[in-house]
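The values are calculated or read from the model by the stated rules, or taken from the named source; none is laboratory data. Not measured: the values here are computed from a predicted model. Because the Cβ atoms are built from the backbone with ideal geometry, glycine has one as well, and the counts that use them run over all protein chains shown. Accessible surface is based on the protein model in full, side chains and every heavy atom, while ligands, DNA and RNA are left aside. Shrake-Rupley method; radii C 1.70, N 1.55, O 1.52, S 1.80 Å.
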Amino acid sequence: MIPELIAKAQVLLEALPYLQSFRGSTFVVKYGGSFMDDPDPTLRSRVAGDIAFLAAVGINAVVVHGGGKAITRAMQASGLQATFVNGMRVTDEPTMAVVKKTLNDEINRDVCEMITAHRGKPQPLPGDQVLVCKKLEEDDNGQKVDLGFVGDVTEVKVKLIKKAIADGFTPVISPVAEGYDEKPYNVNADIAASRIAAALRARRLVYLSDVPGLLMNASDPTTLIPTVKVSEIEPLKKSGVIDRGMRPKIASAIRALEEGVHRVHFIDGRVPHSLLLEIFTDRGIGTEIVHG
């Protein structure tokens, strides 16, 4: 019994310098991946507890959530067919109505309720209250596309987010934005998190997903790359380590770094307390991208 208690004390002592350093800093956490859609709420609840912990130790946590699979299910229930072009959802007006309801009313509420269950103080912020966008006209390869009501974030209304933080809340933001035509648009949650983190000059941007991070060998989790410098990104793309699925995430991470974010982390949200292990331990658990 005593050795276990001593081990717990040692963990707290290892975390102490990080707790002291990060107090008062802003962290943006992108809450996504297939673990959000797991029928067992344990995974989602555990992440919500980690987010509540960040707030409890004086870190200004801001949450941006996804919800692609939930949107597809809601569309099916409404008799709508999901259509994708190069992995991006074509969003006509009926689809956008489902997207907005699912993200703003259902998933956002679910995330907030789970944070509240861990004695956190979340504040739901529908994305179209804090994000402004233009219509997306090009895909990741620079090819012209018309996806309907799909936008590219151009502005973040940081005053609303900062007020929520100043009032002691954890903002929980959905990936919906208001277009210049004052209509709601579906936006990529990774990009929304990147823009929000840059606008807030966040100390950390953390992407929670269902992969461990960057792997030298995609089939071997022991080949995790703990730290990657921005200058190393292009060689990793050429070697295939950063494949097509990760490229948009990496691009959003690099843009965030270029616009003031200190570090970006990619971690596996399925691992118990991966968020805390990445932030408050010496070794970490995922991949961090740094300026170099």
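Sorting 131-139, 196-204 by average packing, meaning the other beta carbons within 10 Å per residue, from highest down gives 196-204, 131-139.
Other residues with beta-carbon under 12 Å from the beta-carbon of Asp140 carry, at +1 per Lys or Arg and -1 per Asp or Glu, a net charge of -1.
Add -39500 (n - 2.57) for each DSSP H run of 4 or more in the chain, then divide by its residues: what number comes out at 222 nm, to the nearest 500 deg cm²/dmol? Working shown, then result.
Working: 11 runs with 113 residues, N = 292.
Value at 222 nm, helices only: -11500 deg cm²/dmol.
Sequence-distant contacts, meaning Cα pairs under 8 Å at least 6 residues apart, place the relative contact order of the chain at 21 percent. Using a probe of 1.4 angstrom and keeping all protein chains present, the accessible surface of the chain works out to 49 square angstrom per residue.
Once C-alpha pairs closer than 8 Å and six or more residues apart are averaged by separation and normalised to the residue number of the range 1-106, the relative contact order reads 25 percent. Can you check what the net charge comes to around Asp128, using other residues whose Cβ is under 13 Å from the Cβ of Asp128 (Lys, Arg +1; Asp, Glu -1)? Computed value for this residue: -1. With the simple model of a label 7 Å out from the Cα in the direction of the Cβ, Lys229 to Asn217 spans 2.6 nm.
Show me 6-16, 238-248 ranked by packing, highest mean number of other Cβ atoms within 10 Å first. Each step should come with its number before you reach the end.
On the way: 6-16: 11.2, 238-248: 13.5.
Highest-to-lowest ranking by the protection proxy: 238-248, 6-16.
Applying 1/(1 + (r/R0)^6) with R0 = 22 Å to the Cβ-Cβ distance of Asp282 and Ala166 gives a FRET efficiency near 0.10. Among Pro175, Pro17, Pro124, whose mean-square fluctuation peaks in a Gaussian network model of the chain (Cα, cutoff 10 Å)? Ranking Pro175, Pro17, Pro124 by mean-square fluctuation puts Pro17 first.
Could you rank Leu147, Leu19 by how accessible they are, 1.4 Å probe, largest area first? Can you show the working numbers first?
Numbers: Leu147 5, Leu19 45 Å².
Highest to lowest solvent-accessible surface, that is Leu19, Leu147.
Expressed as an acute angle from 0 to 90° and rounded to the nearest 10, what is the orientation of the C-alpha long axis of helix 247-258 relative to the principal long axis of the chain? Around 70 degrees separate the two axes. With contacts taken as Cα pairs under 8 Å and at least 6 residues apart, the range 83-235 reaches a relative contact order of 22 percent. Between Ser45, Ser274, Ser231, the GNM of the chain built on Cα springs shorter than 10 angstrom shows Ser231 fluctuating the most.
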